[in-house]
Amino acid sequence: VVVVLILLALVLQSVWSSINYGRALKAAINGDLPKAEVLLSRAVSLNHNDLYYRSLADLDLAFMNELFQMKDLKPEEAQARFQTILSAAIGNAQDAKDYNPTNYLNWTFLARVYESVLPLKVEGAYQEALNSYNEAKRLNPSMPSVWLDLARLEVAAGNNTAAREYLDQALKLKRNYTEAI
């Protein structure tokens with residue numbers, strides 16, 4: 001009886017987590033990012049899952065984009081908010097990667113977080129993004145999108161020769177890969 005009750009509790013916890021995740025997606029689509037964050041955090045607290053952590057990191061990037069659009073913030077306040085958001089994005093992407101280090105998508109999300117701050121010249125961001133994309137590539141070398149991601153990173157860093165090489169590799173894997181063309 002105890003085992004059945006424990007299993008039932010675990011199933012209910014997973015279902016409730018999925019419901020919160022679905023509601024979070026709906027809130028995000030409707031532009032209510034704070035509500036989406038609360039619901040995603042609730043989903044993660046009920047069921048640790050790399051998809052939920054990646055979604056939180058993605059939401060953090062959306063918060064960062066909103067911050068960049070704000071014109072009425074004092075520079076000190078904008079910097080403090082930026083550091084908080086970036087730290088949360090890195091933490092959530094790291095949590096996804098730590099939850100399942102063999103899923104190339106988790107490494108890709110971690111790389112994208114670092115890549116997102118390249119224009120701001122954040123120290124170490126390029127190297128962290130490169131390392132994470134390379135790990136994603138090692139885990140899934142036949143995925144052309146990883147090679148495209150590496151090319152995009154190199155363009156952002158001003159390394160056009162390396163970007164072309166990565167694009168060529170993506171096209172070798174998928175000749176009609178429109179994004180790479």
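For the structure I just gave you, tell me whether Lys35 is of a type in the set (Lys, Arg), open to solvent by 70 Å² or more (accessible area, probe 1.4 Å) and in a helix (DSSP H, G or I).
So Lys35 passes the test.
A count restricted to region 123-151 and to residues that are open to solvent by 50 Å² or more (accessible area, probe 1.4 Å) and within 23 Å of Ala62 (Cβ to Cβ) stands at 2. Pull out all pairs, ordered by first then second residue, where Cβ-Cβ is under 6 Å, the residues are six or more apart or on different chains, the first lies in region 1-23 and is under 16 Å from Leu51 (Cβ atoms) and at pLDDT 90 or above, and the second is among the aliphatic types (A, V, I, L, M) and assigned to a helix (DSSP H, G or I). Here the result reads Trp16/Leu46; Ser17/Ala43; Ser17/Leu46; Asn20/Leu39; Asn20/Ala43; Tyr21/Ala43; Arg23/Leu39, each pair linking region 1-23 to a residue that is among the aliphatic types (A, V, I, L, M) and assigned to a helix (DSSP H, G or I).
What about Leu130, is it more than 18 Å from the chain's Cα centre (by Cα) and either closer than 15 Å to Arg54 by Cα or not basic (Lys, Arg) (or both)? When the stated conditions are applied, Leu130 does not pass them.
Under 19 Å from Ser87 (Cα atoms), of a type outside the set (Gly, Ala, Ser) and out of contact with any strand residue (DSSP E or B) (no Cβ under 6 Å at 6 or more places or on another chain): is that true of Tyr177 in this structure? No; evaluated as a whole, the condition is false for this residue.
Listed here are the residues, each with its yes/no results for (1) assigned to a helix (DSSP H, G or I); (2) under 24 Å from Ala28 (Cα atoms); (3) open to solvent by 50 Å² or more (accessible area, probe 1.4 Å); (4) of a type in the set (Gly, Ala, Ser).
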site	(1), (2), (3), (4)
Ser45	yes, yes, yes, yes
Thr84	yes, yes, yes, no
Ser87	yes, yes, yes, yes
Pro101	no, no, yes, no
Val113	yes, yes, no, no
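Return yes when Leu105 is assigned to a helix (DSSP H, G or I), over 21 Å from Val38 (Cα atoms) and open to solvent by 30 Å² or more (accessible area, probe 1.4 Å) and no when it is not. Yes; evaluated as a whole, the condition is true for this residue. Remark: pairs (first residue in region 127-148, more than 17 Å from Glu179 (Cα to Cα) and among the polar types (S, T, N, Q); second residue open to solvent by less than 40 Å² (accessible area, probe 1.4 Å) and not in a helix (DSSP H, G or I); Cβ separation under 7 Å; 6+ apart in sequence or on different chains) are absent.
Just wondering, is there one or more residues in region 152-172 that are within 26 Å of Leu40 (Cα to Cα) and buried (at least 18 other Cβ atoms within 10 Å of the Cβ)? Among the residues of region 152-172, not one is within 26 Å of Leu40 (Cα to Cα) and buried (at least 18 other Cβ atoms within 10 Å of the Cβ), which makes the answer no.
The values are calculated or read from the model by the stated rules, or taken from the named source; none is laboratory data. This structure is a prediction, so every number in the text was calculated from the model and none was measured. Note: ideal-geometry Cβ built from the backbone for every residue, glycine included; neighbour counts use all protein chains shown. For accessibility, only protein heavy atoms count, side chains too; no ligands or nucleic acids. Shrake-Rupley method; radii C 1.70, N 1.55, O 1.52, S 1.80 Å.
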